[in-house]
Amino acid sequence: MKMAFITRHAPTPSQSDLAKRAGYELIPVGDRDAFTADLADLAEFNAVACVHPALALRLARIVPIVGVFENANRAPEGEKPRFEALALHLYIGAE
């Protein structure tokens, strides 16, 4: 199944792998502001993933399945952050 992925970057290998293990193929749809963006164009998807919890709450009103990637900073102390996906959490949204 296809899962729209709200991101300003291409999905990382770990994000793609986590989605695949959950039965989804990530389809990048660009970035959205978590608080003010119009999300109506995402209603055509049965599943949408993001990394921002506030955006996930908004998505839960318009799509059946919302995925949130749990990330961790893998950079050593003092270096530029490098995030790695640890898990994909799936939630039931609109029905």
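The residue that is farthest from residue 20 (Cα to Cα), among those in the stretch 37-93 that are assigned to a strand (DSSP E or B) and among the polar types (S, T, N, Q), is 73. Which members of the stretch 30-57 meet the condition of being surrounded by 17 or more Cβ atoms within 10 Å (Cβ to Cβ) and either in contact with a strand residue (DSSP E or B) (Cβ under 6 Å, 6 or more places away or on another chain) or polar (S, T, N, Q) (or both)? Matches in the stretch 30-57: 42, 45, 47, 48, 49, 51, 56. When residue 50 is tested against the conditions (1) closer than 19 Å to residue 71 by Cβ; (2) out of contact with any Leu (no Cβ under 8 Å at 6 or more places or on another chain); (3) touching a residue at least 24 places away in the same chain (Cβ under 8 Å), the lone failure is (2).
Can you say whether residue 10 is closer than 19 Å to residue 86 by Cα and over 10 Å from the mean Cα position of the chain (by Cα), as far as the supplied structure shows?
Details: closer than 19 Å to residue 86 by Cα: yes; over 10 Å from the mean Cα position of the chain (by Cα): yes.
Taking the combined requirement at face value, the residue satisfies it.
Applying the condition of being within 16 Å of residue 91 (Cα to Cα) and β-branched (Val, Ile, Thr) to the stretch 13-61 and asking which residue is farthest from the chain's Cα centre (by Cα) yields 48. In the stretch 63-95, the residue that is modelled with the lowest pLDDT out of those that are under 20 Å from residue 40 (Cβ atoms) and surrounded by 17 or more Cβ atoms within 10 Å (Cβ to Cβ) is 93.
I'd like to verify a number: residues in the stretch 58-82 that are free of Cβ contacts under 8 Å to residues at least 24 places away in the same chain and under 19 Å from residue 9 (Cβ atoms), how many?
Restricting attention to the stretch 58-82, the residues satisfying the condition of being free of Cβ contacts under 8 Å to residues at least 24 places away in the same chain are 68, 70-82.
Restricting the remaining residues to those that are under 19 Å from residue 9 (Cβ atoms) gives 68, 70-75, 79-82.
Within the stretch 58-82, residues that are free of Cβ contacts under 8 Å to residues at least 24 places away in the same chain and under 19 Å from residue 9 (Cβ atoms) number 11.
The values are calculated or read from the model by the stated rules, or taken from the named source; none is laboratory data. All figures in this text were calculated on a predicted structure; none of them were measured in a lab. Cβ: placed from backbone, ideal geometry, glycine included. Neighbour counts: every protein chain shown.
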